[in-house]
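The values are calculated or read from the model by the stated rules, or taken from the named source; none is laboratory data. Note that this is a predicted model, so its numbers are computed, not measured. Cβ atoms come from the backbone with ideal geometry, glycine included; neighbour counts cover every protein chain shown.
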Amino acid sequence: MSSNIVETVIGAVVLAFAAIFLVFAYRTADVGPRSGGINVTAAFDNVDGLNVGSDVRMSGIKVGAITSQMLDLKTYRAVINISLNEDIQLPEDSSAKITSDGLLGSNYLALQPGGSDDMLKDGGTISYTQGAVNLQDLIGQAIFSSNKK
């Protein structure tokens, strides 16, 4: 009988440590819902490699995340929603560009602040955008253009 009690207590301790580890990982990974900050949108021709949860960076520093993606059925452009940290003030004429973390790295959204005195408000739109560049297409164009003589 005492063997069952010891096994039960050890099992409870293991489950408690697992729960503590999961809470720690959830808070450290910064995947929880964001509070505060502003949410803005941007429309792109191509968002290849950009996913919900991808980083939004300014000067290489993470300042937000992609919260959703959808297709605008009228313009056939990809519209993404961006959640920025509460301390970020972004001028209205800022631009957004999808870029890569290196040759084999993942894509992220790079923000370039503009020079306007007016700041984007919650629900605003970034008008100046540049979509993702497809590396395979560039390599294919270089190969086939070098064969033409």
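Of note:
- Residue match in segment 118-125 (condition: of a type in the set (V, I, T) and in a loop (DSSP other than H, G, I, E, B)): no
- Evaluation of T67 against (1) closer than 17 Å to A43 by Cβ; (2) modelled with pLDDT under 90 (one fails), failing number: (2)
- Entirely in segment 15-86, the strands (runs of 3 or more DSSP E) that have 2 or more residues that are over 11 Å from the mean Cα position of the chain (by Cα), in the same structural domain as I126 (by TED's automatic domain parsing) and within 23 Å of G124 (Cα to Cα): 38-44, 61-71, 78-84
- For the condition part of a loop (DSSP other than H, G, I, E, B) and modelled with pLDDT of 90 or more, K97 does not qualify.
- Residues of segment 63-86 satisfying the condition of being loosely packed, with under 15 Cβ neighbours inside 10 Å, within 20 Å of G37 (Cβ to Cβ) and without any contact (Cβ under 8 Å) to a residue 40 or more places away in the chain: S68
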